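Trainee: This is the structure I want to talk about, given as structure tokens.
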Amino acid sequence: MSAITTSRGDRIVYDDLGAPGAVTAIFIAGAGPTRAEDPVTLATGEAFAVRGGRAFIPDRIGRGESTSEAPIDLPAQLDAIGALAAEADAPVILIGHSSGCAIALLAAARTPNLAGLVLWEAPLGLFEGGAASWWTNVRRAIEADDLEEAVAHYMVGMPPEWLEELKKSPAYPQVVLGWVPDGEALMESRNVAIATCCPPSVPL
């Protein structure tokens, strides 16, 4: 386990696999598990390290062991990715999963040592009425302190049994507050063309 502090004072805890100086994959989770609950990402990072790369698998801010004293928003999450990219001190590949893809997409444009961008199961362009309308409903519920309604709006289209399982979590419904960066990123990325976020030399 390793840890860094961002310029905003957030503490980012992450698994550091592989050798310093190697091309570094930075994994960006969506509105889902902590790194300790995500064996697939861990196995992927380990496989990349065995092949000569390096992998950073962080807990998102406000999740797992990564902490913040301030409200969690998209700029804070982008700052955390920037801090990890700087810590790598090597070419980096941003790997987003689910709503983390939107965050990775926006982070790519501000990562000077970007070597690649991977988007896995990206929920881009899937919202009926558009991402802006979807996020407006979620944000309105959050501002009204109706967090259960915010979770329901956020997880629109998810199986009912999935939502019932989520309700058993001790973090429910406050968990939706940690999804604010995802919602903001999904709204902002609707106007971002993937090919324009990266230099022509960067593989997508």
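Trainee: When the residues of segment 1-14 are narrowed to those that are touching a helix residue (DSSP H, G or I) at 6+ places or on another chain (Cβ under 6 Å) and outside any loop (DSSP other than H, G, I, E, B), which ends up most open to solvent (accessible area, probe 1.4 Å)?
Mentor: Among them, the one singled out is Ile4.
Trainee: In segment 48-76, how many residues are open to solvent by 10 Å² or more (accessible area, probe 1.4 Å) and part of a helix (DSSP H, G or I)?
Mentor: 4
Trainee: Taking Arg51 as meeting all but one of (1) over 17 Å from Leu84 (Cα atoms); (2) touching a Ser or Thr at 6+ places or on another chain (Cβ under 7 Å); (3) basic (Lys, Arg), write down the number of the exception.
Mentor: For Arg51, the failing item is (2).
Trainee: Take the residues in segment 114-160 that are over 30 Å from Ala55 (Cα atoms), of a type in the set (D, E, K, R) and assigned to a loop (DSSP other than H, G, I, E, B), then tell me which one is most open to solvent (accessible area, probe 1.4 Å).
Mentor: Taking the candidates together, the pick is Glu128.
Trainee: What number of residues in segment 83-108 are in a loop (DSSP other than H, G, I, E, B) and over 24 Å from Gly32 (Cα atoms)? Can you show your working first?
Mentor: From segment 83-108, those in a loop (DSSP other than H, G, I, E, B) are 89-91, 98-99; that's our starting set.
Retained after the next criterion (residues that are over 24 Å from Gly32 (Cα atoms)): 89-91.
Of the residues in that region, 3 qualify.
Trainee: Here is a follow-up. Name every residue in segment 29-44 that is closer than 18 Å to Cys101 by Cβ and of a type in the set (Asp, Glu), in order of residue number.
Mentor: So in segment 29-44, the residues closer than 18 Å to Cys101 by Cβ come out as 29-33, 35, 38, 40-41, 44.
Correct list: Asp38 only.
Trainee: While we're on this one: If we keep just the residues of segment 81-92 that are more than 10 Å from the chain's Cα centre (by Cα) and open to solvent by less than 40 Å² (accessible area, probe 1.4 Å), which is farthest from Val175 (Cα to Cα)? Spell out the reasoning first.
Mentor: So the first thing to find is which residues in segment 81-92 are more than 10 Å from the chain's Cα centre (by Cα), and the list is 82-92.
Filter once more, keeping what is open to solvent by less than 40 Å² (accessible area, probe 1.4 Å): 82-85, 88, 90, 92.
Values: Gly82: 24, Ala83: 24, Leu84: 24, Ala85: 26, Ala88: 29, Ala90: 34, Val92: 29 Å.
Filtering first and then ranking leaves Ala90.
The values are calculated or read from the model by the stated rules, or taken from the named source; none is laboratory data. Here the structure is a predicted model, which means the values were calculated and not measured. In this analysis, Cβ positions are derived from the backbone assuming ideal geometry, glycine residues included, and neighbour counts consider all displayed protein chains. The area values use the complete protein model at the heavy-atom level, side chains included, leaving out ligands, DNA and RNA. Shrake-Rupley method; radii C 1.70, N 1.55, O 1.52, S 1.80 Å.
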